[in-house]
1. Listing Glu76, Glu48 from the residue with the fewest other Cβ atoms within 10 Å to the one with the most, what is the order?
2. So how do Tyr114, Tyr67 line up by other beta-carbon neighbours within 10 Å, fewest first?
3. Can you give the FRET efficiency for Ala80 and Ala19, using 1/(1 + (r/R0)^6), R0 = 25 Å, r = Cβ-Cβ distance, to the nearest 0.05?
4. Can you list residues from other chains, or at least 5 along the same chain, whose modelled amide H is less than 5 Å from the amide H of Gly64?
5. Neighbour counts of other C-beta atoms within 10 Å: give me Ile53, Ile110 arranged from fewest to most.
6. Once fully extended, how much extra length lies between Arg27 and Glu166, figured as 0.36 nm per residue of separation less the alpha-carbon to alpha-carbon distance?
7. Taking 0.36 nm per intervening residue step and subtracting the Cα-Cα distance, what contour gain separates Arg184 from Gln120 on full extension?
8. For Cα extents along the principal axes in Å, the listed values are (1) 70, 47, 40; (2) 68, 35, 24; (3) 48, 41, 31; which was obtained by calculation from the structure presented?
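Since every read-out is calculated from the coordinates, none of them should be taken as a lab result. Worth saying up front: this structure is predicted, and the values here are computed from it rather than measured. Cβ: placed from backbone, ideal geometry, glycine included. Neighbour counts: every protein chain shown.
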Amino acid sequence: MDSQDWDDRYAATELVWGAEPNRWVVRELAGLTPAHTPGHALDLAAGEGRNAIWLAGRGWEVTGLDYSAVALERAERLTADLPDEVADRLTWRHGDARTFEAPAAGYDLILVAYLQVPAQDRRTALRRAAAALAPGGTLLVVGHDLSNLTEGVGGPQDPAVLFTPEDVLADLADRGLRTVRAERVHRTVGPEPGHKGEGDGVAVDALVRLERGAE
C-alpha cells in the first residue's frame, strides 16, 4: 500500500483500529519508566493515534508519525478532545518510517506497531528506529506474524508483509540492542469484517522488545 491507499482506507471508516491502545503495547509499556523526565517517545506508523494518545496520558512526550495525512487529521481531532495536559504532550508528523529524521538526543521509547510492509522496507524502518534510540531506550515491535496465515484469523493475507520475531532480530542483529523478549503472542478477536470464519478466533502476533544499553 502507498500513502494514497492508506488515506482511502482511513477515509472509508471511523477509527479503523478503534480508540483503545493495543493490548501488547499496554502489557509491555504500562510499567516502563523513562530514564529521565519527561521521557520522549516515537510512535512510528501511528495511524489514528490510539497508542500515542495512551502513552501521552501516561506522561510521555510523544511524536506520532504516519504517512497517511487522513489518519493524522483524525489523530488531531482526537487530540482536540483530550485534556490540555495530555494534548500538549502530543506532536503529529507526516512522514515515512523509512526516512524520518530523529532529534540528536534520540528517543527513550520507540513503538513500531503493525507496520506491515515488504521485508526490505521493514528492515529499513527498523534499522532507522534503532539508530534513533537513546541510551537506555526501549524499542517495541509488534505486528501480524507470518504464522497467522495458517494458525490465526484476520490480518493481512499477503505473506510478503508479514514477519516473525526471528525476522525482527535478524533485521537488527548488528545494532547493539539487548533482547528483552522475542515471542509469538495470541489474542482473541471477534467476528469482525475480514476475519475468517464465524465467532471468536485467535490471531497470532509477533512481539519483540529490545533495549539499548546506557552509555
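1. Details: Glu76 15, Glu48 26.
Fewest to most other Cβ atoms nearby, the residues stand as Glu76, Glu48.
2. Details: Tyr114 16, Tyr67 21.
Ordered by Cβ neighbours within 10 Å, fewest first: Tyr114, Tyr67.
3. Values: r = 14 Å, r/R0 = 0.57.
Computed FRET efficiency for Ala80 and Ala19 comes out at 0.95.
4. Asp43, Thr91, Trp92, Arg93
5. Numbers: Ile53 24, Ile110 27.
Exposure proxy ranking, most exposed first: Ile53, Ile110.
6. On the way: separation 139, 0.36 × 139 = 50.04 nm, distance 2.07 nm.
48.0 nm is the gain from fully extending Arg27 to Glu166.
7. Details: separation 64, 0.36 × 64 = 23.04 nm, distance 2.13 nm.
Length gained, Arg184 through Gln120: 20.9 nm.
8. Label (3) holds the value from this structure.
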